[in-house]
Amino acid sequence: MPLSEPVAREHIHTREIICHAYERGDGLFDLDAHLTDVKTYGFDNRDRGHIEAGEPIHCMWLRLTINADFVIQAVEAKMDHTPYNFCTRIEPDHQKLVGAQIGAGWNRKVREHLGGTHGCTHLREMLGRMATVAFQAVYGRRRRSGEEIDSPPDQKPWVIDGCHTWSSDSPVVKMEYPDWYTGPVSEDAAK
């Protein structure tokens, strides 16, 4: 285990979100996500009766079909297990995402279309993770095929200042995008 040794404790709940990306024969990409919540003990539920230990409280699926420009072509949402029967009524509302583009402001777009009572907390959480999978899939495919994935030379690359490692003053940016590096100039670089 990469974390420190824990104190004595009892495992009581597991949430798993698994995302897969597929390149389709028609040039589109399918992003499939699956969420499960499972408890290590049984409990009673108003709509489902008794939920046994290990039986999913939530078991939800989401598929986004996107093109190479990250525009959503199709959406499919399915809830196999929910704590309330009423939950599944929100599945069709995910069609509101068709035509939206994954990119800057994605989480805001998701909240606009499916925020609060207009969506499901768990499916929204999956959509955030699926955006990352979309970038890994599409840019990975472009890199493998030799396509240009960077911004034009006169535009700051999209990854810069997106996280700690890609901070404009980081050694990674200094190596990968020296023209966009803003950190201190070392004596070695001045020579």
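The values are calculated or read from the model by the stated rules, or taken from the named source; none is laboratory data. Owing to the predicted nature of the structure, the values given are computational and were not obtained by experimental measurement. With ideal geometry, Cβ positions are generated from the backbone for all residues, glycine too; neighbour counts draw on all protein chains shown.
Overview of values
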item: Among (1) within 28 Å of Thr65 (Cβ to Cβ); (2) not polar (S, T, N, Q); (3) not in a helix (DSSP H, G or I) - the single one Gly128 does not satisfy; result: (3)
item: Enumeration of residues in segment 19-47 that are β-branched (Val, Ile, Thr) and surrounded by 12 or more Cβ atoms within 10 Å (Cβ to Cβ); result: Thr36, Val38
item: Residue that is nearest to Ala21 (Cα to Cα), among those in segment 95-113 that are touching a helix residue (DSSP H, G or I) at 6+ places or on another chain (Cβ under 7 Å) and surrounded by 14 or more Cβ atoms within 10 Å (Cβ to Cβ); result: Ile102
item: Residue that is farthest from Val138 (Cα to Cα) [pool: residues in segment 36-61 that are among the aromatic types (Phe, Trp, Tyr) and in contact (Cβ under 8 Å) with a residue 12 or more places away in the chain]; result: Tyr41
item: Residue satisfying all of: in segment 61-93; in a strand (DSSP E or B) and small (Gly, Ala, Ser); surrounded by the most Cβ atoms within 10 Å (Cβ to Cβ) among these; result: Ala77
item: Condition check for Pro184: at pLDDT 80 or above, within 30 Å of Glu23 (Cβ to Cβ) and either in a helix (DSSP H, G or I) or not assigned by TED's automatic domain parsing to the domain that holds Met79 (or both); result: no
item: Residue in segment 141-165 that is surrounded by the fewest Cβ atoms within 10 Å (Cβ to Cβ), counting only those that are among the aliphatic types (A, V, I, L, M) and at pLDDT below 85; result: Ile149
item: Evaluation of Val138 against (1) at pLDDT 95 or above; (2) in the same structural domain as Leu97 (by TED's automatic domain parsing) (one fails), failing number; result: (1)
item: Selection within segment 11-35 - outside any strand (DSSP E or B) and touching a residue at least 12 places away in the same chain (Cβ under 8 Å); result: His11, Ile12, Arg24, Gly27, Leu28
item: Test: residue in segment 114-129 that is touching a Ser or Thr at 6+ places or on another chain (Cβ under 9 Å) and surrounded by fewer than 17 Cβ atoms within 10 Å (Cβ to Cβ); result: no
item: Residue in segment 97-113 that is of a type outside the set (A, V, I, L, M, F, W, C) and in contact with a strand residue (DSSP E or B) (Cβ under 7 Å, 6 or more places away or on another chain) present; result: yes
